[in-house]
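Every read-out reported here was derived from the displayed coordinates using simple, explicitly stated rules and does not represent laboratory data. Please read these numbers as outputs of a predicted model, since none were measured by experiment. Methodologically, a virtual Cβ is constructed for each residue, glycine included, from the backbone with ideal geometry; neighbour enumeration extends over all protein chains shown.
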Amino acid sequence: MLAPTAARSQDASKEDIAKAFSNAIAKGEIDCSLDKIGAVPGIFSLKPDTLDELFAVPEGVKVEKNPYFSWMTKSRHRAYFMRQPFGNLSVDLTIFGGEVPVEDATLDFVDGKLNGVSVSLFNRGDSGDIDPSEFKRRFTLAGKKMSEQLGVRPRQRKANPTQGLLSEGWTWISEKGMAILEHNPEANMGRPEFLRLKIAPRDAKGAFAAAFQDRAAAVRVSDLPKNVIRKGSEVLVGDIPMVDQGPKGYCVVATAQRLFEYYGIPADQHQLAQVANADADSGTNPIVMAEALGKIDYRFKTRFKIIGMRTNYGFNEIDERNMTVGDRVDYKGFLKAIRDNIDDGVPLLWGLVLGMVPEEPPIALQAGGGHMRMIIGYDDKEEKVVFSDSWGAGHEKKFMTYDNAFEATLGLFVITPTVK
């Protein structure tokens, strides 16, 4: 196994490093220390180019994709480290001198500067159950490291469900930066679901800034229209964060995470999956989609509305409180809902059947079945919806004709912040 550039011995020859790396890849397992991205305050000088250099593959080795991490957007606004980047390769992610395993890590950049780091030190969806003593060890060690690096005592933070704050733990705020170490409240009773470390500079923006506040959302509904971009005949909601739901990921919670980050609500798909009790079947039919979104909405104190769902009677309005079928939503009503919400700066959560109708660019032939994606815009001149999948870079912006979109739709949903 071989660690990335940042941790390699300077004495080893380039040929030896390249050979060892190639052998590790062939065996299907490589090491990756994330100590550099957990070091405060040095991490805050990190730029996208520097990250590429720190985690570059050895010189002389040709690979189709960097196995250590991937950029979630072509603009390099978000980098993502994961344990299983490819089906035949496992990456042993660790932090704090190899003492704590890492499930995944996300680095966000704004205007070329690091805006924050989010590190999953445990999540039950990926790791399975964990012994409470091991959970406590990871929590204690990570907390000790943050106290040492930031030079301040932490402040305890309790969950506040009435405000949509569903995690608890400790926060550190100093001149050097900020950190929060959080978990689900039930972890203290021996039922850990996740353990997450977030590190951010004092001038962090968006969801990273919101993570240190005592309210659920960082934006107001009245601010959202400012994010609407009109370019030619296209009308788009800009600045939608990207995630990669991964091989085990659930499209419903991955799409919800992107929406929540857009609203400045600090929650990742591991936490959302726990809240919604979601699994890989959550995107297979509109009722399961609606139930998962309803649970997320209730716990995070947002506003959930079902615009329409496919039923035995056609595409109909649904009362989200008791799931009763209402009036039929016709083609014009479908398009009006899209236009009205996009004009207000509100992306729509869109459940549909993959592979049923053409889309641009074409989807893989083997892709099919129920799926959730996000509608981020429309184009009346071309008569197309603009949408995005939670599959990482290259999936930020796609198109489908209005007719085909309506035909393939299983459900259309909206979640908005409660702060006006």
Label model pair residue 56, residue 295: point-to-point distance (7 angstrom along the Cα→beta-carbon line) in nm is 4.6 nm
With label points set 7 Å from each Cα along the Cα-to-Cβ direction at residue 39 and residue 147, the distance between them in nm comes to 2.3 nm
In degrees, nearest 10, the alpha-carbon axis of helix 14-27 is tilted away from the dominant principal axis of the alpha carbons of the chain by 50 degrees
Unit-weight point scatterers at every alpha-carbon of the chain, Debye formula, q = 0.09, 0.10, 0.12 1/Å: log10 I(q)/I(0) is -0.57, -0.70, -1.00
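Let me make sure I get this right: for the range 221-416, a, b and c are the square roots of the gyration tensor eigenvalues over alpha carbons, sorted descending. Under 1.5 in a/c it's rounded, otherwise prolate if a/b > b/c, else oblate. Which is it?
rounded
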Two pseudo-spin positions, 7 Å from Cα along C-beta at residue 311 and at residue 70, lie apart in nanometres by 3.9 nm
If the chain between residue 31 and residue 155 were fully extended at 0.36 nm per residue, the gain over the current Cα-Cα distance would be 41.3 nm
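Suppose a student asked you for the relative contact order of the range 76-152, using Cα pairs under 8 Å spaced at least 6 residues apart; what percent would you report?
Values: 85 pairs, mean separation 17.4, N = 77.
So the answer I get is 23 percent.
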Exposure proxy check on 383, 359: fewest-to-most Cβ neighbours within 10 Å is 383, 359
Within the range 376-396, the residues whose backbone N lies under 18 Å from a label point placed 7 Å from the Cα of residue 357 along the Cα-to-Cβ direction are 376-389
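Pulled fully out, how much extra length does the chain show between residue 191 and residue 233, if you take 0.36 nm times their separation in residues and subtract their Cα-Cα distance?
On the way: separation 42, 0.36 × 42 = 15.12 nm, distance 5.14 nm.
Working it through step by step, the gained length comes to 10.0 nm.
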Per DSSP, the loop-located trypsin sites (Lys or Arg not before Pro) within the range 22-87 having at most 14 other beta carbons within 10 Å are 62, 65, 74
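Keeping to pairs on different chains or 8 or more places apart, tell me how many lysine pairs in the range 332-420 have Cα atoms under 18 Å apart. Could you put the intermediate results ahead of the total?
On the way: 332/381; 332/384; 336/381; 336/384; 381/397; 381/398; 384/397; 384/398.
Going through the range 332-420 pair by pair, I get 8.
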The answer for trypsin sites (Lys or Arg not before Pro) in the range 318-369 that fall in a DSSP coil and have at most 15 neighbouring Cβ atoms within 10 Å is 321
Computed about the Cα centre, the charge dipole of the range 61-128 from +1 Lys/Arg and -1 Asp/Glu charges at the Cβ has a magnitude in debye, to the nearest 20, of 300 debye
Projected onto the charge dipole of the range 90-168 (unit charges on the beta-carbon of Lys, Arg, Asp and Glu, signs +1, +1, -1, -1), the Cα from 147, 118, 102 with the largest positive-side position is that of 147
Computed for the chain: size of charge dipole around the Cα centre, +1 on C-beta of each Lys and Arg, -1 on C-beta of each Asp and Glu, debye to nearest 20, value 1100 debye
One finds the C-alpha centres of the range 26-72 and the range 294-344 to be spaced, in Å, by 42 Å
In debye to the nearest 20, the charge dipole size for the range 221-416, taken about the Cα centre with +1 at each Lys and Arg Cβ and -1 at each Asp and Glu Cβ, equals 300 debye
Over 23 Å (Cα to Cα) among 27/74; 158/226; 14/65; 158/301 -> 27/74; 158/226
Output row, site residue 129, 7 Å Cα→C-beta label point, backbone N cut-off 14 Å, window the range 177-195, residues 190-193
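For residue 88 and residue 407, what is the calculated FRET efficiency with R₀ set at 51 Å and r taken between the beta-carbons, to the nearest 0.05? Show your work: numbers first, answer last.
Working: r = 37 Å, r/R0 = 0.73.
For residue 88 and residue 407, the calculated efficiency is 0.85.
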Between the residues 87, 133, 185, the Cα farthest towards the positive end of the dipole of the range 5-210, that dipole coming from +1 and -1 charges on the beta-carbon of Lys, Arg, Asp and Glu, is from 185
Among 20, 67, 38, the residue whose Cα sits farthest towards the positive end of the charge dipole of the range 14-146 (+1 at Cβ of Lys and Arg, -1 at Cβ of Asp and Glu, taken about the Cα centre) is 38
